[in-house]
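Written below as structure tokens is the structure these notes are about.
The values are calculated or read from the model by the stated rules, or taken from the named source; none is laboratory data. Computed from a predicted structure; not experimentally measured. Note: ideal-geometry Cβ built from the backbone for every residue, glycine included; neighbour counts use all protein chains shown. Accessible surface is based on the protein model in full, side chains and every heavy atom, while ligands, DNA and RNA are left aside. Shrake-Rupley method; radii C 1.70, N 1.55, O 1.52, S 1.80 Å.
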Amino acid sequence: MKLANKWSKTLMGLALSSLALSLGAGTATAQGLPDPIKLVVGYPPGGTADAVARVYAEKLRVELGVGVVVDNRAGAGGQVAAQGFVRGPKDGSTLLVANNHMLSTLPLTVKTVAYDPIKDFAPVAPIAKFEHILAVGKNTPAKSLDEYIALVRQQPDVFGLYGIPAPGSAPQFIGYSIAKKNGLKMTAVPYRGGAPLLSDLLGGHVPAAVDAIGTITEYVAKGEVKVLGVTGPERLDILKDVPTFVELGYGNLNASGWMGIFAPVGTDPAVIERLNQAFNKVSAMPDIAKAIVPIGFAPHSGSPKDLGDIVKNDLDTWGPIIRESGYVAE
């Protein structure tokens, strides 16, 4: 079965555009920035995190006047990249493209994480945000969250199964929160990424799924998937008829997913400020939205403090939920 052809072509186009990036001589420029700058991504080439990093890299190369390259260091859901990054150079030559899973979920669920999400990373700028959704396939007869809950209550062993893209990810705890509030038996079914999860949802092999929005939306218009709820503080333009979980009474599910840029602690504040200005300027470029909105992201910008607050708020949001769930990574 061919999955998300439009989505795959978008990712391929972004990856190919990175071939135009050039490497510099490894020296500092007149404006005090190293050349080249590496953007470390904790996921393999071809994924959404990689795609977002590459489209930013292409624009930053022009904005900063230095080489900007993407360095993929995949492994353990981003843990490998984050742990190695902490020991990296503090001159601005290496930046981490992190997301909420790397700096919020992993430290709360995996005992072997050897970094502190607050103390070991210097925030530079938020660059993108995204939402998670609860969706059901066309074989699940529910048009609202209340109807889905009623189905689960009647047949928990059938409709209480919900797919998630990875064990211990935010989607698992979104499902947990819904189950707990309603006194339901719901069981997370972990997949190795969003593509196989979407395949099973479309094929009717799993009745529901919680995942990032990007891998599912093109099937909503076709009537193959029904979205019942979305995270975040307000409804999305592309899903105006879908209420937020907050609207539905789940006030603890208001945190959006995010991507941000971090430098090692000890990096010159002047370098961080210059990089922050550049990322914010690039975020406002129409080409950025054109490239990343189709894959489920929205451009985001802000100060280093804004990004630091996002991380802290995420930890405050998910910490109580994860501890209450009793989840322990295998």
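Quick notes
- S199 vs. criteria part of a helix (DSSP H, G or I), of a type in the set (G, A, S) and within 30 Å of S301 (Cβ to Cβ): no
- All of I238, I261 fail the test of being part of a helix (DSSP H, G or I), closer than 30 Å to K305 by Cα and touching a residue at least 12 places away in the same chain (Cβ under 8 Å), apart from I238.
- Of all residues in the stretch 197-215 being touching a residue at least 40 places away in the same chain (Cβ under 8 Å) and over 17 Å from the mean Cα position of the chain (by Cα), the one that is surrounded by the most Cβ atoms within 10 Å (Cβ to Cβ): L201
- Selection from the stretch 130-154 of residues that are under 26 Å from the mean Cα position of the chain (by Cα) and small (G, A, S): A135, G137, S144
- Residues that are more than 12 Å from L201 (Cβ to Cβ), touching a His at 6+ places or on another chain (Cβ under 7 Å) and not aliphatic (A, V, I, L, M) within the stretch 211-239 comprise just one, T231.
- The listed residue being among the polar types (S, T, N, Q), over 21 Å from T231 (Cα atoms) and touching a residue at least 12 places away in the same chain (Cβ under 8 Å), out of T94, T109: T94
- On the stretch given as the stretch 265-300, residues that are open to solvent by less than 30 Å² (accessible area, probe 1.4 Å) and in a helix (DSSP H, G or I) total 12.
- Close Cβ contacts (under 6 Å, 6 or more residues apart or on different chains) running from residues in the stretch 164-184 that are within 11 Å of T105 (Cα to Cα) to residues that are open to solvent by 10 Å² or more (accessible area, probe 1.4 Å) and in a loop (DSSP other than H, G, I, E, B) comprise G168/A329.
- In this entry, Y219 is excluded by the filter for residues that are surrounded by fewer than 21 Cβ atoms within 10 Å (Cβ to Cβ), farther than 21 Å from I292 by Cα, touching a residue at least 12 places away in the same chain (Cβ under 8 Å) and among the hydroxyl-bearing types (S, T, Y).
- The set of residues in the stretch 301-315 being open to solvent by 20 Å² or more (accessible area, probe 1.4 Å), assigned to a helix (DSSP H, G or I) and in contact with a strand residue (DSSP E or B) (Cβ under 8 Å, 6 or more places away or on another chain) consists of P304, K305, D306, I310.
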